[in-house]
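Okay, structure first, notes after.
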Amino acid sequence: MVPSLDTVGTRGTFKAVQSMEIGAHFRYYFQHPWSRLVVAYLVTFFNFLIFAEDPVSHSQTEAHMIVVGNCFSFVVNKYPGGGWNVLKVLLWLLAIVTGLFAGKFVFHRRLFGRFLRLKMFREDHGSWMTMFFSTILFLFIFSHIYNLFLLMTGGMGPHLVTEYMGIRNESFMKIAAVGTWMGDFVTAWMVTDMMLQDQHYPDWGKAARRFWKRGNNRIVLFWTVLISLTSVVVLVISTDWISWDNLNRGFLPSDEVSRAFLASFILVFDLLIVMQASGSTTASSSWFLFWT
(Lines give C-alpha, C1' and ligand atoms only; values in the text may rest on other atoms or scores of the structure.)
Protein backbone atom coordinates (compact mmCIF):
# COMPACT_ATOMS: atom_id res chain seq x y z
CA MET A 1 0.00 0.00 0.00
CA VAL A 2 1.44 3.38 -1.03
CA PRO A 3 1.35 5.96 1.80
CA SER A 4 -0.50 9.16 1.10
CA LEU A 5 1.25 12.48 0.69
CA ASP A 6 -0.20 13.64 4.00
CA THR A 7 1.32 10.63 5.77
CA VAL A 8 4.72 11.20 4.16
CA GLY A 9 4.60 14.86 5.08
CA THR A 10 3.66 14.05 8.67
CA ARG A 11 6.51 11.54 8.99
CA GLY A 12 8.97 14.04 7.52
CA THR A 13 7.80 16.73 9.90
CA PHE A 14 8.02 14.34 12.85
CA LYS A 15 11.58 13.34 11.93
CA ALA A 16 12.59 16.97 11.49
CA VAL A 17 11.12 17.90 14.88
CA GLN A 18 12.76 14.86 16.47
CA SER A 19 16.18 15.74 15.01
CA MET A 20 15.75 19.33 16.19
CA GLU A 21 14.98 18.12 19.70
CA ILE A 22 18.05 15.85 19.69
CA GLY A 23 20.18 18.75 18.45
CA ALA A 24 18.76 21.04 21.12
CA HIS A 25 19.46 18.49 23.85
CA PHE A 26 23.01 17.94 22.58
CA ARG A 27 23.68 21.67 22.45
CA TYR A 28 22.22 22.11 25.93
CA TYR A 29 24.70 19.67 27.47
CA PHE A 30 27.56 20.58 25.10
CA GLN A 31 27.38 24.25 26.13
CA HIS A 32 26.48 23.57 29.75
CA PRO A 33 28.64 25.56 32.21
CA TRP A 34 30.12 22.42 33.78
CA SER A 35 31.06 21.06 30.36
CA ARG A 36 32.73 24.30 29.33
CA LEU A 37 34.58 24.70 32.62
CA VAL A 38 35.89 21.12 32.62
CA VAL A 39 37.18 21.42 29.05
CA ALA A 40 38.83 24.80 29.67
CA TYR A 41 40.65 23.75 32.85
CA LEU A 42 41.65 20.36 31.45
CA VAL A 43 43.56 22.16 28.69
CA THR A 44 45.61 23.95 31.34
CA PHE A 45 46.29 20.70 33.19
CA PHE A 46 47.24 18.77 30.03
CA ASN A 47 49.63 21.50 28.91
CA PHE A 48 51.47 21.39 32.22
CA LEU A 49 51.50 17.60 32.13
CA ILE A 50 53.13 17.51 28.71
CA PHE A 51 55.62 20.15 29.86
CA ALA A 52 56.54 18.05 32.88
CA GLU A 53 56.82 14.81 30.91
CA ASP A 54 58.62 16.14 27.81
CA PRO A 55 62.37 15.32 27.91
CA VAL A 56 63.08 18.57 26.04
CA SER A 57 62.15 20.40 29.25
CA HIS A 58 65.36 19.01 30.81
CA SER A 59 67.58 19.29 27.73
CA GLN A 60 70.79 21.33 28.00
CA THR A 61 71.33 21.62 24.23
CA GLU A 62 70.82 24.91 22.38
CA ALA A 63 67.22 25.59 21.48
CA HIS A 64 66.41 26.04 17.82
CA MET A 65 63.05 26.58 16.19
CA ILE A 66 62.15 27.60 12.67
CA VAL A 67 60.78 31.17 12.31
CA VAL A 68 60.29 31.68 16.08
CA GLY A 69 64.00 31.14 16.68
CA ASN A 70 64.84 33.77 14.07
CA CYS A 71 62.46 36.27 15.66
CA PHE A 72 63.83 35.59 19.15
CA SER A 73 67.52 35.93 18.25
CA PHE A 74 66.73 38.95 16.05
CA VAL A 75 65.24 40.85 19.00
CA VAL A 76 66.95 39.43 22.09
CA ASN A 77 70.58 38.49 21.36
CA LYS A 78 73.40 38.29 18.78
CA TYR A 79 74.10 42.02 18.85
CA PRO A 80 77.46 42.81 17.15
CA GLY A 81 77.91 46.13 18.95
CA GLY A 82 78.36 49.70 17.77
CA GLY A 83 76.29 50.94 14.86
CA TRP A 84 75.09 47.44 14.08
CA ASN A 85 73.09 47.47 17.32
CA VAL A 86 71.32 50.66 16.21
CA LEU A 87 70.56 49.16 12.78
CA LYS A 88 69.28 45.95 14.31
CA VAL A 89 66.98 47.72 16.80
CA LEU A 90 65.63 50.00 14.08
CA LEU A 91 64.94 47.03 11.82
CA TRP A 92 63.04 44.96 14.39
CA LEU A 93 61.09 48.02 15.55
CA LEU A 94 60.16 48.70 11.93
CA ALA A 95 59.24 45.02 11.52
CA ILE A 96 56.91 45.14 14.54
CA VAL A 97 55.18 48.34 13.39
CA THR A 98 54.83 47.03 9.83
CA GLY A 99 53.51 43.70 11.10
CA LEU A 100 50.88 45.36 13.29
CA PHE A 101 49.59 47.63 10.53
CA ALA A 102 49.72 44.91 7.87
CA GLY A 103 47.95 42.45 10.16
CA LYS A 104 45.16 44.90 10.93
CA PHE A 105 44.54 46.62 7.61
CA VAL A 106 45.87 44.20 4.97
CA PHE A 107 45.33 40.68 6.32
CA HIS A 108 42.43 41.15 8.74
CA ARG A 109 40.37 43.87 7.08
CA ARG A 110 41.05 43.39 3.37
CA LEU A 111 42.08 39.74 2.92
CA PHE A 112 39.98 37.96 5.58
CA GLY A 113 37.15 40.48 5.88
CA ARG A 114 36.46 41.85 2.39
CA PHE A 115 38.06 39.38 -0.02
CA LEU A 116 37.48 36.02 1.72
CA ARG A 117 34.47 37.26 3.77
CA LEU A 118 35.24 35.02 6.74
CA LYS A 119 32.66 35.49 9.49
CA MET A 120 35.15 34.76 12.27
CA PHE A 121 37.03 37.92 11.24
CA ARG A 122 34.03 40.23 10.96
CA GLU A 123 34.42 43.73 12.40
CA ASP A 124 37.35 43.55 14.86
CA HIS A 125 37.01 39.87 15.76
CA GLY A 126 40.35 38.07 15.60
CA SER A 127 42.31 41.24 14.86
CA TRP A 128 44.81 40.78 17.71
CA MET A 129 45.56 37.23 16.66
CA THR A 130 46.06 38.31 13.05
CA MET A 131 48.33 41.17 14.10
CA PHE A 132 50.36 38.84 16.33
CA PHE A 133 51.09 36.32 13.58
CA SER A 134 51.67 39.08 11.05
CA THR A 135 54.26 40.62 13.38
CA ILE A 136 56.07 37.27 13.63
CA LEU A 137 56.04 37.01 9.83
CA PHE A 138 57.58 40.46 9.34
CA LEU A 139 60.16 39.91 12.08
CA PHE A 140 61.22 36.78 10.20
CA ILE A 141 61.42 38.71 6.89
CA PHE A 142 63.34 41.64 8.38
CA SER A 143 65.77 39.27 10.11
CA HIS A 144 66.81 38.04 6.67
CA ILE A 145 67.17 41.64 5.47
CA TYR A 146 69.48 42.23 8.45
CA ASN A 147 71.41 39.06 7.57
CA LEU A 148 71.85 40.41 4.04
CA PHE A 149 73.57 43.52 5.40
CA LEU A 150 75.87 41.32 7.51
CA LEU A 151 76.75 39.11 4.55
CA MET A 152 77.52 42.14 2.38
CA THR A 153 79.95 43.37 5.04
CA GLY A 154 81.70 40.02 5.50
CA GLY A 155 83.22 38.43 8.60
CA MET A 156 79.96 38.70 10.58
CA GLY A 157 79.04 35.00 10.49
CA PRO A 158 78.68 34.54 14.29
CA HIS A 159 76.14 37.37 14.42
CA LEU A 160 73.86 36.05 11.68
CA VAL A 161 70.27 35.57 12.82
CA THR A 162 69.29 31.89 12.55
CA GLU A 163 66.80 29.51 14.12
CA TYR A 164 69.31 28.85 16.91
CA MET A 165 68.11 30.98 19.81
CA GLY A 166 71.23 31.18 21.94
CA ILE A 167 69.52 29.66 24.99
CA ARG A 168 69.10 26.11 26.28
CA ASN A 169 66.03 24.03 25.54
CA GLU A 170 65.35 23.93 29.28
CA SER A 171 65.13 27.74 29.45
CA PHE A 172 63.02 27.94 26.30
CA MET A 173 60.56 25.39 27.65
CA LYS A 174 60.22 27.39 30.87
CA ILE A 175 59.41 30.51 28.85
CA ALA A 176 56.94 28.50 26.77
CA ALA A 177 55.33 27.09 29.93
CA VAL A 178 54.78 30.57 31.37
CA GLY A 179 53.30 31.75 28.06
CA THR A 180 51.10 28.66 27.93
CA TRP A 181 49.90 29.33 31.46
CA MET A 182 48.95 32.89 30.57
CA GLY A 183 47.05 31.81 27.48
CA ASP A 184 45.32 28.79 28.98
CA PHE A 185 44.46 30.21 32.37
CA VAL A 186 43.19 33.52 31.00
CA THR A 187 40.99 31.51 28.62
CA ALA A 188 39.71 29.27 31.42
CA TRP A 189 39.19 32.25 33.71
CA MET A 190 37.33 34.07 30.93
CA VAL A 191 35.08 31.02 30.47
CA THR A 192 34.47 31.03 34.23
CA ASP A 193 33.55 34.71 34.09
CA MET A 194 31.17 34.11 31.18
CA MET A 195 29.47 31.16 32.86
CA LEU A 196 28.95 33.08 36.10
CA GLN A 197 27.16 35.78 34.10
CA ASP A 198 25.26 33.44 31.79
CA GLN A 199 21.45 33.56 31.79
CA HIS A 200 20.77 30.46 29.69
CA TYR A 201 21.19 28.08 32.66
CA PRO A 202 19.32 29.81 35.52
CA ASP A 203 19.42 26.75 37.79
CA TRP A 204 23.22 26.46 37.67
CA GLY A 205 25.37 27.97 40.43
CA LYS A 206 22.79 30.42 41.73
CA ALA A 207 24.76 31.43 44.83
CA ALA A 208 28.07 31.69 42.98
CA ARG A 209 26.55 33.78 40.18
CA ARG A 210 24.83 36.05 42.66
CA PHE A 211 28.11 36.63 44.53
CA TRP A 212 30.10 37.08 41.30
CA LYS A 213 27.83 39.84 39.98
CA ARG A 214 27.58 41.72 43.28
CA GLY A 215 29.34 45.09 43.18
CA ASN A 216 32.98 44.92 42.08
CA ASN A 217 33.51 41.32 43.19
CA ARG A 218 34.01 40.20 39.63
CA ILE A 219 36.80 42.64 38.79
CA VAL A 220 38.58 42.32 42.14
CA LEU A 221 38.50 38.51 42.10
CA PHE A 222 39.63 38.29 38.49
CA TRP A 223 42.78 40.36 38.95
CA THR A 224 43.55 38.99 42.43
CA VAL A 225 43.39 35.36 41.31
CA LEU A 226 45.21 36.04 38.04
CA ILE A 227 48.12 37.96 39.60
CA SER A 228 48.53 35.67 42.63
CA LEU A 229 48.37 32.39 40.70
CA THR A 230 50.61 33.70 37.92
CA SER A 231 53.21 34.78 40.49
CA VAL A 232 53.17 31.33 42.07
CA VAL A 233 53.38 29.53 38.72
CA VAL A 234 56.28 31.70 37.48
CA LEU A 235 58.12 31.17 40.77
CA VAL A 236 57.65 27.39 40.68
CA ILE A 237 58.67 27.07 37.02
CA SER A 238 61.68 29.37 37.16
CA THR A 239 63.17 27.99 40.39
CA ASP A 240 62.40 24.27 39.89
CA TRP A 241 61.01 24.32 43.41
CA ILE A 242 58.67 21.43 42.56
CA SER A 243 60.27 18.48 40.79
CA TRP A 244 57.75 16.45 38.79
CA ASP A 245 60.07 13.44 38.69
CA ASN A 246 60.17 13.30 42.48
CA LEU A 247 56.40 13.61 42.70
CA ASN A 248 55.61 11.23 39.88
CA ARG A 249 58.07 8.40 40.69
CA GLY A 250 56.91 6.36 37.72
CA PHE A 251 53.23 6.52 38.68
CA LEU A 252 52.28 8.22 35.39
CA PRO A 253 55.03 7.31 32.89
CA SER A 254 54.91 8.49 29.30
CA ASP A 255 56.58 7.77 25.98
CA GLU A 256 56.55 9.45 22.58
CA VAL A 257 53.24 7.84 21.59
CA SER A 258 51.40 8.84 24.76
CA ARG A 259 52.76 12.40 24.57
CA ALA A 260 51.64 12.60 20.94
CA PHE A 261 48.13 11.57 21.96
CA LEU A 262 48.25 14.09 24.81
CA ALA A 263 49.18 16.86 22.37
CA SER A 264 46.28 15.75 20.15
CA PHE A 265 43.90 15.96 23.10
CA ILE A 266 45.08 19.50 23.79
CA LEU A 267 44.38 20.50 20.18
CA VAL A 268 40.92 18.91 20.24
CA PHE A 269 40.05 20.54 23.56
CA ASP A 270 41.18 23.94 22.25
CA LEU A 271 38.83 23.49 19.31
CA LEU A 272 36.05 22.41 21.67
CA ILE A 273 36.43 25.67 23.61
CA VAL A 274 35.86 27.63 20.41
CA MET A 275 32.93 25.41 19.37
CA GLN A 276 31.28 25.70 22.78
CA ALA A 277 31.56 29.49 22.67
CA SER A 278 29.92 29.79 19.24
CA GLY A 279 26.41 31.13 19.46
CA SER A 280 26.84 32.33 23.02
CA THR A 281 25.58 35.88 23.43
CA THR A 282 27.61 36.35 26.58
CA ALA A 283 30.88 35.53 24.86
CA SER A 284 31.11 38.79 22.97
CA SER A 285 29.73 41.05 25.69
CA SER A 286 31.57 39.65 28.70
CA TRP A 287 34.97 41.14 28.04
CA PHE A 288 33.48 44.40 26.78
CA LEU A 289 31.70 44.83 30.10
CA PHE A 290 34.81 43.77 31.98
CA TRP A 291 37.15 46.29 30.40
CA THR A 292 34.63 49.13 30.56
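The values are calculated or read from the model by the stated rules, or taken from the named source; none is laboratory data. Computed from a prediction, not measured in an experiment: that's the story for all the values here. With ideal geometry, Cβ positions are generated from the backbone for all residues, glycine too; neighbour counts draw on all protein chains shown.
For segment 177-208, filtering for residues that are surrounded by 18 or more Cβ atoms within 10 Å (Cβ to Cβ) and not β-branched (Val, Ile, Thr) leaves 12.
Taken as a whole, the condition of being among the polar types (S, T, N, Q), under 20 Å from the mean Cα position of the chain (by Cα) and at pLDDT below 95 does not apply to Ser134. Annotation: of all residues in segment 105-131 being among the small types (Gly, Ala, Ser) and assigned to a helix (DSSP H, G or I), the one that is nearest to the chain's Cα centre (by Cα) is Ser127. Only residues that are in a loop (DSSP other than H, G, I, E, B) and surrounded by 12 or more Cβ atoms within 10 Å (Cβ to Cβ) were counted in segment 61-78, giving 5.
On the given criteria, is Ser258 under 21 Å from Glu53 (Cα atoms) and not acidic (Asp, Glu)? Answer is yes for this residue.
Only one entry in Met165, Met156, Met131 is surrounded by 13 or more Cβ atoms within 10 Å (Cβ to Cβ) and over 29 Å from Gly81 (Cα atoms), namely Met131. The residues in segment 137-189 that are part of a helix (DSSP H, G or I), polar (S, T, N, Q) and touching a residue at least 24 places away in the same chain (Cβ under 8 Å) can be counted, and the count is 5.
Exactly one residue out of Leu267, Leu289 is surrounded by fewer than 13 Cβ atoms within 10 Å (Cβ to Cβ) and modelled with pLDDT of 70 or more, and it is Leu267. Screening Phe51, Phe45 for residues that are within 30 Å of Trp189 (Cα to Cα) and either modelled with pLDDT of 90 or more or of a type in the set (D, E, K, R) (or both) leaves exactly one candidate, Phe45.
Let's see how each residue does on (1) buried (at least 20 other Cβ atoms within 10 Å of the Cβ); (2) in the same structural domain as Met195 (by TED's automatic domain parsing); (3) within 30 Å of Val236 (Cα to Cα); (4) touching a strand residue (DSSP E or B) at 6+ places or on another chain (Cβ under 7 Å):
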position	(1), (2), (3), (4)
Ala40	yes, yes, yes, no
Leu49	no, yes, yes, no
Trp84	no, no, no, no
Leu111	no, no, no, no
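Considering segment 200-218, and only residues there that are assigned to a helix (DSSP H, G or I) and either in contact with a Gly (Cβ under 9 Å, 6 or more places away or on another chain) or in contact (Cβ under 8 Å) with a residue 60 or more places away in the chain (or both), the residue that is farthest from Tyr29 (Cα to Cα) turns out to be Arg218. Considering Ala95, Ala102, Ala52, Ala40, the condition of being part of a helix (DSSP H, G or I), touching a residue at least 12 places away in the same chain (Cβ under 8 Å) and over 29 Å from Lys174 (Cβ atoms) is satisfied by Ala102 alone.
For segment 227-276, a tally of residues being in a helix (DSSP H, G or I), over 16 Å from the mean Cα position of the chain (by Cα) and acidic (Asp, Glu) returns 2.
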